[in-house]
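The block underneath contains the structure these notes are about, expressed in structure tokens.
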Amino acid sequence: MLVTNPTVATLYAAPVTESLETAGFVVKACTVPDGEAHKTLDTVRMLYDRFIEAGLDRSGVVLALGGGVIGDMAGFAAATYLRGVALVQVPTTLLAMVDSSVGGKVAVDHPWGKNLVGAFKQPELVLADPGTLTTLPGHEFANGLAETIKAGILGDPEMFHQIEAHGPAPASWIVERAISVKVAVVEEDPYERGRRATLNLGHTFGHALERLSDYALSHGAGVAIGLVAAARLATRLGACEPELAARIEGVLSRLGLPTTYRGHTPAQVWQAMSTDKKRRGKTLRFVLPRAIGDAFVTDQVAQADVLAILDSLRET
Ligand SMILES: NC(=O)c1ccc[n+]([C@@H]2O[C@H](COP(=O)([O-])OP(=O)(O)OC[C@H]3O[C@@H](n4cnc5c(N)ncnc54)[C@H](O)[C@@H]3O)[C@@H](O)[C@H]2O)c1
Ligand SMILES: [Zn+2]
């Protein structure tokens, strides 16, 4: 059961179907409307209908062809249909390749928040063809670059240096390296009991800014600003080398990603951060870089320090 959307179907459904049929598989396809607005239980219910009509049984496979929205939604349907059928992820955006297709988290949105209903569902296979990135719009590529830079800061100084010195090429090498960082973290902590939380580097700030903008700010943009915020906070707390924040800022702005925000006051951003669903208990948790390739999690951060950093990042 190939699940995709009309945008991706036009580009890649035919070669994927042909390739599978040549290998002896029977392929049935269904498309769901494009966009985060459709990452809902209603669309998943429609997928169940298509699966039943197609006669998909426990021996069947759901193949998610597309970006993170398709991967999350088809993945959630695969995790729950008949108590779970096999899942193959074929990510076609940079973000899906380096982030959402790997790690086994699948989810849909709820009117009260993003990704509130989900499951852990490891794919049998993730097949990323960097050739598909050639058709990806530039702003979508930039979204994925923010996560790629995050991966470099978390665990791959060599990849970070490569992008710093030569830009995001060759894509296949960067995709492979960024996936490896995520795989290493997830293999150690598949259910997010400890180290996996470091993958949220930049996200405590980023999610708050995204939400405050009513999602006019893209996820990648939020994460980029969040990465700078985390590095500045680490510097302020004496946890990292003083030049780290400037390096991270430099590479992100060369990639066309924002490093400052407008509008909301630091107090409003703090408030939005405090209602983040990933918050554990009463204290806010931060992932902070020590150096390129090394990050740690802490809940020992004073509100005043966070407000000072937010103030320094705010364009007036
Ligand atoms: N499960 C996880 O661990 C995890 C991690 C990060 C993000 N996510 C989720 O991922 C989603 C975002 O994913 P995304 O950034 O891939 O967005 P997306 O899936 O909406 O894709 C972005 C756009 O690009 C189009 N597209 C996809 N591949 C293309 C190609 N090769 N050429 C041209 N156009 C193409 C899509 O149709 C869409 O319009 C969010 O819902 C987020 O919550 C999940
Ligand atoms: Zn992210």
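The values are calculated or read from the model by the stated rules, or taken from the named source; none is laboratory data. All figures in this text were calculated on a predicted structure; none of them were measured in a lab. Cβ sites come from the backbone with ideal geometry, for glycine too, and all protein chains shown count toward neighbours. The area values use the complete protein model at the heavy-atom level, side chains included, leaving out ligands, DNA and RNA. Shrake-Rupley method; radii C 1.70, N 1.55, O 1.52, S 1.80 Å.
Filtering the stretch 53-75 to residues that are part of a helix (DSSP H, G or I) and more than 16 Å from Glu124 (Cβ to Cβ) leaves Glu53, Gly68, Val69, Ile70, Asp72, Met73.
Identify, from the list Pro33, Pro15, the residue that is assigned to a helix (DSSP H, G or I) and open to solvent by 30 Å² or more (accessible area, probe 1.4 Å).
On the way: Pro33 fails: assigned to a helix (DSSP H, G or I).
Result: Pro15 is the single residue among Pro33, Pro15 that is assigned to a helix (DSSP H, G or I) and open to solvent by 30 Å² or more (accessible area, probe 1.4 Å).
Could you go through the stretch 162-185 and let me know if any residue there is under 14 Å from Phe296 (Cα atoms) and touching a residue at least 24 places away in the same chain (Cβ under 8 Å). Checked the stretch 162-185: at least one residue is under 14 Å from Phe296 (Cα atoms) and touching a residue at least 24 places away in the same chain (Cβ under 8 Å). In this structure, is Ile153 open to solvent by less than 10 Å² (accessible area, probe 1.4 Å), in contact (Cβ under 8 Å) with a residue 40 or more places away in the chain and away from ligand 1 (no atom under 11 Å from the Cβ)? Yes; evaluated as a whole, the condition is true for this residue.
With Thr235, Thr198, Thr204 as the choices, which residue is free of Cβ contacts under 8 Å to residues at least 24 places away in the same chain and either buried (at least 24 other Cβ atoms within 10 Å of the Cβ) or closer than 25 Å to Met273 by Cα (or both)?
On the way: Thr198 fails: free of Cβ contacts under 8 Å to residues at least 24 places away in the same chain; Thr204 fails: free of Cβ contacts under 8 Å to residues at least 24 places away in the same chain.
Of the residues listed, the single one that is free of Cβ contacts under 8 Å to residues at least 24 places away in the same chain and either buried (at least 24 other Cβ atoms within 10 Å of the Cβ) or closer than 25 Å to Met273 by Cα (or both) is Thr235.
Scanning the stretch 149-199 for residues that are under 15 Å from the mean Cα position of the chain (by Cα) and polar (S, T, N, Q) yields a total of 2.
Restrict the check to the stretch 122-143 and report whether at least one residue is of a type in the set (Gly, Ala, Ser), within 10 Å of ligand 1 (Cβ to nearest atom) and not in a loop (DSSP other than H, G, I, E, B). If you could, list the steps in order and put the result at the bottom.
So the first thing to find is which residues in the stretch 122-143 are of a type in the set (Gly, Ala, Ser), and the list is 128, 131, 138, 142.
Okay, now just the ones that are also within 10 Å of ligand 1 (Cβ to nearest atom), so 131.
Now restrict to residues that are not in a loop (DSSP other than H, G, I, E, B): 131.
Yes: the stretch 122-143 contains one or more residues that are of a type in the set (Gly, Ala, Ser), within 10 Å of ligand 1 (Cβ to nearest atom) and not in a loop (DSSP other than H, G, I, E, B).
Which condition does Asp214 not pass, out of (1) within 12 Å of ligand 1 (Cβ to nearest atom); (2) without any contact (Cβ under 8 Å) to a residue 24 or more places away in the chain; (3) exposed (fewer than 15 other Cβ atoms within 10 Å of the Cβ), if it passes all the others? Every listed condition holds for Asp214 apart from (1). Selection of the stretch 86-112 for residues being open to solvent by less than 20 Å² (accessible area, probe 1.4 Å), small (Gly, Ala, Ser) and outside any loop (DSSP other than H, G, I, E, B) yields Ala96, Ala107.
Based on this model, can you work out whether Phe120 counts as in contact with a Lys or Arg (Cβ under 9 Å, 6 or more places away or on another chain) and either among the aromatic types (Phe, Trp, Tyr) or away from ligand 2 (no atom under 16 Å from the Cβ) (or both)? Yes; evaluated as a whole, the condition is true for this residue.
Does Arg211 satisfy the criteria of being among the basic types (Lys, Arg), within 14 Å of ligand 2 (Cβ to nearest atom) and under 26 Å from Ile309 (Cα atoms)?
On the way: among the basic types (Lys, Arg): yes; within 14 Å of ligand 2 (Cβ to nearest atom): yes; under 26 Å from Ile309 (Cα atoms): yes.
Spelling it out, Arg211 is indeed among the basic types (Lys, Arg), within 14 Å of ligand 2 (Cβ to nearest atom) and under 26 Å from Ile309 (Cα atoms).
Does Leu252 qualify as being under 26 Å from Val185 (Cα atoms), open to solvent by less than 10 Å² (accessible area, probe 1.4 Å) and either within 16 Å of ligand 1 (Cβ to nearest atom) or of a type in the set (A, V, I, L, M, F, W, C) (or both)? The answer is yes for Leu252. Residue pairs whose Cβ atoms lie under 6 Å apart, separated by 6 or more positions or on different chains, with the first residue in the stretch 1-13 and under 10 Å from Val90 (Cβ atoms) and the second away from ligand 2 (no atom under 16 Å from the Cβ) and open to solvent by 40 Å² or more (accessible area, probe 1.4 Å), are Leu2/Ala29; Thr4/Thr31. Among residues of the stretch 247-258 that are at pLDDT 95 or above, those with a beta-carbon under 8 Å from a residue that is open to solvent by less than 10 Å² (accessible area, probe 1.4 Å) and aromatic (Phe, Trp, Tyr) at least six positions away or on a different chain give the pairs Val251/Phe160. Those residues that are in a helix (DSSP H, G or I) and open to solvent by 40 Å² or more (accessible area, probe 1.4 Å), I need them from the stretch 156-179; list them, please. Result: Pro157, Glu158, His161, Gln162, Glu164, Ala165, His166, Ser172, Trp173, Glu176, Arg177. Being aromatic (Phe, Trp, Tyr) and open to solvent by less than 50 Å² (accessible area, probe 1.4 Å) is a property that does not hold for Tyr48. In the stretch 83-91, the count of residues that are closer than 26 Å to Ala171 by Cα, within 15 Å of ligand 2 (Cβ to nearest atom) and within 15 Å of the chain's Cα centre (by Cα) is one or more.
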